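Derivation of every value follows stated rules applied to the coordinates shown; laboratory data play no part. These figures come from a predicted structure and were not determined experimentally. Neighbour counts run over all protein chains shown; Cβ positions are idealised from the backbone, glycine included.
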Amino acid sequence: MHLLRNVRSAWKRSRSQRTEVHLVDDLDGKEMPAGKGETVLFALDGTSFEIDLVAKIAAALRKTLAAYLAGARPAKPRDP
């Protein structure tokens, strides 16, 4: 009985888990290589969004929004 308890204890200590997160480009559905993409956060009309994009498309989104951001001002939190 004591030997069985030691085996169970050793088995519990040796188990491990590893969780991997793989980003998938939300526009084309392809998995992104590690370090080649990002989650971009933005808001429009009071709704916050996030989208996973490869670095090249994330840069294109920022370039497209640049003119709008240049004319915008930071929003202040609104009282409920």
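Straight-line reach only, C-alpha to C-alpha below 18 angstrom: list the aspartates and glutamates that K30 could link to, leaving out same-chain residues fewer than 8 apart.
Answer for K30, where 18 Å is the Cα cut-off: E20, E38, E50, D52, listed by chain and number.
Less than 12 Å Cβ to Cβ from D52, Lys/Arg counted +1 and Asp/Glu -1: what total charge do the surrounding residues give? Walk me through the intermediate numbers first.
Details: positive: K30, K36; negative: D25, D26, D28, E31, E38, E50.
Spelling it out: positives minus negatives among the neighbours equals -4.
Give me the net charge for the shell around M32: Cβ to Cβ below 11 angstrom, other residues only, Lys and Arg +1, Asp and Glu -1. List each step's numbers first, then the result.
Details: positive: K30, K36, K56; negative: D25, D26, D28, E31, E38, D52.
Combined, the nearby Lys, Arg, Asp and Glu give -3.
Subtracting the Cα-Cα distance from 0.36 nm times the residue separation, let me have the gained length for K36 to L69 in nm, one decimal.
Details: separation 33, 0.36 × 33 = 11.88 nm, distance 2.47 nm.
In short, 9.4 nm is gained.
So what are the ³J(HN,Hα) numbers for the range 51-63, from phi and the Karplus equation (6.51, -1.76, 1.60; θ = phi - 60°), rounded to whole Hz, Gly and Pro as x?
Calculated HN-Hα couplings, in order: 9, 8, 9, 5, 4, 5, 6, 4, 5, 5, 4, 4, 5 Hz.
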